[in-house]
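Worksheet: one structure, shown below.
The values are calculated or read from the model by the stated rules, or taken from the named source; none is laboratory data. Predicted model only: the values in this text are computed from it and were never measured. Reconstructed Cβ throughout: ideal geometry from the backbone, glycine too, with neighbour counts over all protein chains shown.
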């Protein structure tokens, strides 16, 4: 498991906090670059374990029910980790129910539908409200605006919290291979909220037990 001591040994000073308190860490680019270097050779479950040690109970995970999210949920199960899950995927009630049956508590956040509303702006506001209590943000699905895959990045939109993507360096083929190996469904990358996500008509189970 990656410990804070390892980060210090490599010259990266970690922000300190009490796990029982919600906080807004002040991350520096140098700290994040140093941690990305450390994590470059680590397995995703090791990175998840580090995130749990340092950010729980205020570590949030936005699930869009893409193949990448299926992988992330499976990795969480491997280390017996239940992050605070939330989703805006209003057409995924079946998958939400299944996650609940598997022991994951997930908040399905619905928007108030109004004529002429800007969907993207509405979802951005809702996301900001949710993440106002977060110290770290697990993100499974890549956004189209991402310049390069980074395991850790500072999210300037949501108060400078740390954004964590343990599978950032995995290729699309790598995601497909993992889903096939562990009998997880393959869904295309989730679209923006306010649009119909590819694969939203799928009736496949989110996760099947690995044999």
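Listing for the model above:
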quantity	calculated
Residues that are under 11 Å from residue 63 (Cα atoms), assigned to a loop (DSSP other than H, G, I, E, B) and touching a strand residue (DSSP E or B) at 6+ places or on another chain (Cβ under 7 Å), drawn from the stretch 84-108	88
Count of the stretch 84-94 residues which are crowded, with 21+ Cβ neighbours inside 10 Å and out of contact with any helix residue (DSSP H, G or I) (no Cβ under 8 Å at 6 or more places or on another chain)	1
Single match in 40, 67 (criterion: under 25 Å from residue 176 (Cβ atoms) and in contact with a helix residue (DSSP H, G or I) (Cβ under 6 Å, 6 or more places away or on another chain))	67
Residue match in the stretch 20-29 (condition: in contact with a strand residue (DSSP E or B) (Cβ under 9 Å, 6 or more places away or on another chain), at pLDDT 85 or above and assigned to a helix (DSSP H, G or I))	no
Selection within the stretch 42-56 - at pLDDT 90 or above and surrounded by fewer than 18 Cβ atoms within 10 Å (Cβ to Cβ)	42, 43, 45, 46, 53
So residue 81, is it touching a helix residue (DSSP H, G or I) at 6+ places or on another chain (Cβ under 6 Å), at pLDDT 90 or above and outside any helix (DSSP H, G or I)	yes
Those residues of the stretch 141-156 which are out of contact with any strand residue (DSSP E or B) (no Cβ under 7 Å at 6 or more places or on another chain) and modelled with pLDDT under 85, in sequence order	141, 142, 143, 144, 145, 146, 147, 148, 149, 156
Of the criteria (1) at pLDDT 90 or above; (2) in a loop (DSSP other than H, G, I, E, B); (3) farther than 23 Å from residue 83 by Cβ, which one residue 211 fails	(1)
In the stretch 44-68, the residues that are closer than 20 Å to residue 130 by Cα and either out of contact with any strand residue (DSSP E or B) (no Cβ under 9 Å at 6 or more places or on another chain) or in a strand (DSSP E or B) (or both)	59, 60, 61, 62
Selection within the stretch 30-43 - without any contact (Cβ under 8 Å) to a residue 60 or more places away in the chain and in a helix (DSSP H, G or I)	30, 31, 33, 34, 37, 38
